[in-house]
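J.: My structure is below; once you've seen it, I'll send some questions.
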Amino acid sequence: MCNDVGQASHFCAFYSTTGLLFTAWVGVMLQTQPFFVGGIEDYDQAKSSAFGAAAMFLFCFVASVIGIYQDSGSKETADSNGTNGETEYQLASDVPTYGTSH
């Protein structure tokens with residue numbers, strides 16, 4: 001699934017975006033309407049924990065974006081050197097004329 005830094009960074013960016021949205025939503029719910037969230041004894045501690053988790057997901061997202069940027073830069077460098085480019089491929093010059101009538 002994650003063969004290189006780019007693929008792992010894409011997965012982590014998706015995961016951290018989902019976590020950031022969820023924990024930020026929980027934090028906002030605890031701040032504005034805590035009576036809708038049941039079973040919590042200390043709302044202030046729960047609110048700070050939710051926003052702290054959202055900050056950690058934001059950090060993970062930023063690190064993932066940096067990983068995606070670094071990986072894309074290394075792939076562009078390999079392509080510009082001609083090691084992975086299209087210059088190694090040629091079309092065949094001797095094409096048979098199957099199915100044509102002369």
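J.: Going by the conditions given, is Cys60 in contact with a helix residue (DSSP H, G or I) (Cβ under 6 Å, 6 or more places away or on another chain), at pLDDT 95 or above and open to solvent by less than 70 Å² (accessible area, probe 1.4 Å)?
T.: yes
J.: Still on this structure, please answer the following. Output the qualifying pairs, or none if there are none: Cβ atoms under 7 angstrom, residues six or more apart or on different chains, first residue in segment 1-24 and in contact (Cβ under 8 Å) with a residue 40 or more places away in the chain, second residue among the hydroxyl-bearing types (Ser, Thr, Tyr).
T.: If the second residue must be among the hydroxyl-bearing types (Ser, Thr, Tyr), the pairs left are Gly6/Ser72; Ser9/Ser64; Cys12/Ser64; Ala13/Ser64; Ser16/Ser64.
J.: Count, please, the residues in segment 43-57 that happen to be among the hydrophobic types (A, V, I, L, M, F, W, C) and either open to solvent by less than 40 Å² (accessible area, probe 1.4 Å) or modelled with pLDDT under 95 (or both). Break it down into steps so the answer makes sense when it comes.
T.: Here is the first cut: in segment 43-57, the ones among the hydrophobic types (A, V, I, L, M, F, W, C) are 46, 50-51, 53-57.
Those left that are additionally either open to solvent by less than 40 Å² (accessible area, probe 1.4 Å) or modelled with pLDDT under 95 (or both): 46, 50, 53-54.
Adding up the residues that qualify gives 4.
J.: Mind checking which residues of segment 12-37 are out of contact with any helix residue (DSSP H, G or I) (no Cβ under 8 Å at 6 or more places or on another chain) and under 22 Å from Ser72 (Cβ atoms)?
T.: Phe14
J.: I've got another one for you. Go through the residues of segment 64-82 one by one and say whether even a single one is surrounded by fewer than 16 Cβ atoms within 10 Å (Cβ to Cβ), at pLDDT below 95 and either basic (Lys, Arg) or touching a His at 6+ places or on another chain (Cβ under 7 Å) (or both).
T.: Of the residues in segment 64-82, the ones surrounded by fewer than 16 Cβ atoms within 10 Å (Cβ to Cβ) are 65-66, 69-70, 72-82.
Adding the requirement that they be at pLDDT below 95 leaves 65-66, 69-70, 72-82.
From what's left, either basic (Lys, Arg) or touching a His at 6+ places or on another chain (Cβ under 7 Å) (or both): 75.
Yes, the conditions are met somewhere in segment 64-82.
J.: I've got another one for you. Inside segment 26-42, can you point out the residues that are out of contact with any Lys or Arg (no Cβ under 7 Å at 6 or more places or on another chain) and open to solvent by 80 Å² or more (accessible area, probe 1.4 Å)?
T.: Answer for segment 26-42, where residues must be out of contact with any Lys or Arg (no Cβ under 7 Å at 6 or more places or on another chain) and open to solvent by 80 Å² or more (accessible area, probe 1.4 Å): Thr32, Phe35, Phe36, Gly39, Glu41.
J.: Can you name every residue in segment 2-25 that is open to solvent by 80 Å² or more (accessible area, probe 1.4 Å) and under 21 Å from Tyr69 (Cβ atoms)? It would help to see each step written out before you state the result.
T.: Of all residues in segment 2-25, those open to solvent by 80 Å² or more (accessible area, probe 1.4 Å) come to 3, 5, 7, 10-11, 14-15, 21-22, 25.
Matches in segment 2-25: Asn3, Val5, Gln7, His10, Phe11, Phe14, Tyr15.
The values are calculated or read from the model by the stated rules, or taken from the named source; none is laboratory data. Small disclaimer: the values here were computed from a predicted structure and weren't measured. Cβ coordinates were reconstructed from backbone atoms using ideal geometry, including for glycine residues, and neighbour counts include every protein chain displayed. Each accessible area value is taken on the protein alone, full model and side chains, heavy atoms only, with ligands, DNA and RNA left out. Shrake-Rupley method; radii C 1.70, N 1.55, O 1.52, S 1.80 Å.
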